[in-house]
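Here is the structure we will look at.
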Amino acid sequence: MRFLRSRRNAVPGFAPTFGVTLLFLSLVVLLPLSALVLRATGVGPRKLIAAVTTHRALAAFGLSFGGALVAAVIAAIGGTIAAWVLVRYRFPGRRLLDALVDLPFALPTAVSGIALATLLAPQGWVGRIVEPLGWKIAYTRGGVVIAMVLVALPFIIRTLQPALADLPLDIEEAAATLGAGRLRTVARVVAPQLLPALGSGFALAFARAVGEYGSVIFVAGNLPGKTEIAPLLIIVELEQYDYAVATAIGATMLVVSFILLLLIHTLPRLVARWRGMPEG
């Protein structure tokens, strides 16, 4: 009651707005996901396990989740550097570069896929250069990861930019006056402050990469057991009217994604609490 009273005093109309929020989330998020889980439980445990443990399904899960994890790590490294440059430095074309970060948000995923295929295909601008060297990017797992990085990178940059903008320069100057070098200042002072924001951005990037479909299928080759992602496998099963298998694969992706996202969100807070930092 004390919590509700304090919230009611702080936010006028807390009770009705909280009820509308729960109703909206239930209709838009919880109800469709619950329907998917209930449909999957109706399949039966034996058929459910059989559907998600085939060689083709396991390979698709491995590429989707493994590729998304690798893409999120690459995006975290590159996105952190890009966010640092955009926030801490002023240079000609900075506003244009900052606007280009949002381009993957605005582009349809099919357009991104066509653009990547134009670059990475054997006859593409980049593909024709690297193919004589014995390198093949398109129609491989590496091409899938590159497509996932493209859609995941903006989430890292946009999440870190406010955190970097709010990070005071005084603490870095204080560390320098105490004799800390640049690397030690970044590792011991800057990085802990950015860890919660980076964890949130990493979770968003990972989630976006796991569910990516349009930009991946153009450069993946879509070979079953090799370069086929789980969302594509769901589409294939639906086209074959095997709704039970499609539901089982979709429910498995939902459960695994939820567990991984929960861990990704929780880990930075646990580390921040262990280091005595504010969780942010």
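With a Förster radius of 51 Å applied to the C-beta separation of residue 50 and residue 15, the computed FRET efficiency comes to 0.60. Residue 54 contributes an accessible area of around 60 Å² to the protein surface, as traced by a 1.4 Å probe with all chains present. Once the 1.4 Å probe is applied to the protein heavy atoms, the chain comes out at 59 Å² accessible per residue.
Can you give the direction-averaged projected area of the convex hull of the alpha-carbon atoms in the chain, in nm²? Before the final figure, lay out the partial values.
Working: hull surface 84.0 nm².
Mean projected area of the Cα convex hull: 21.0 nm².
Around the amide H of residue 139, modelled in the peptide plane, lie the amide H atoms of 220, 221, all under 5 Å away and 5 or more residues distant in sequence or on another chain.
For residue 51, what charge total do you get from the other residues with a beta carbon under 12 Å from its beta carbon, if Lys and Arg give +1 and Asp and Glu give -1?
Numbers: positive: 46, 47, 56; negative: 237, 242.
With Lys, Arg at +1 and Asp, Glu at -1, the neighbours total +1.
Largest first, the residues 43, 216, 111 sort by 1.4 Å accessible area into 111, 43, 216.
With both labels modelled 7 Å from their Cα along Cα-to-Cβ, the residue 88 to residue 141 distance reads 3.5 nm. When the solvent-accessible area of region 48-169 is split by element, carbon and sulfur atoms take up 73 percent of it, the probe being 1.4 Å. Going by accessible surface with a 1.4 Å probe and the largest first, 25, 164 read 25, 164.
For the residues 238, 30, 103, a GNM of the chain with alpha-carbon springs under 10 Å puts the largest fluctuation on 30.
When nucleic acids and ligands are ignored and a 1.4 Å probe is applied, residue 139 ends up with an accessible area of around 90 Å². In the assembled protein chains, residue 34 presents an accessible area of approximately 60 Å² (probe radius 1.4 Å). When both region 231-266 and region 19-53 are represented by their alpha-carbon centers, they are found 10 Å apart. With the cut-off at 1.5 for a/c, could you classify region 1-154 from its C-alpha gyration tensor as rounded, prolate or oblate? Oblate, because a/c is 1.5 or more while a/b does not exceed b/c.
The GNM of the chain, with springs linking C-alpha atoms under 10 angstrom apart, assigns the highest mean-square fluctuation among 143, 127, 113 to 127.
Here region 105-146 is treated as a Stokes sphere of Kirkwood radius computed over C-alpha pairs; at 10 °C and 1.306 mPa s its diffusion coefficient rounds to 151 µm²/s. Put simply, the convex hull of the Cα atoms in region 64-138 casts, on average, a shadow of 6.8 nm². P(r) for region 106-229, from all Cα pairs and a bin width of 10 Å, is 13, 30, 23, 19, 13, 2 %, short bins first. For the chain, the relative contact order is 28 percent, taking Cα pairs closer than 8 Å that sit 6 or more residues apart in sequence and dividing their mean separation by the residue count.
The values are calculated or read from the model by the stated rules, or taken from the named source; none is laboratory data. As the structure is a computational prediction, the values presented were derived from the model and not from experiment. Counting neighbours? That spans all protein chains shown, and the Cβs are built from the backbone with ideal geometry, glycine included. Areas reflect the complete protein model, heavy atoms only, side chains present, ligands, DNA and RNA absent. Shrake-Rupley method; radii C 1.70, N 1.55, O 1.52, S 1.80 Å.
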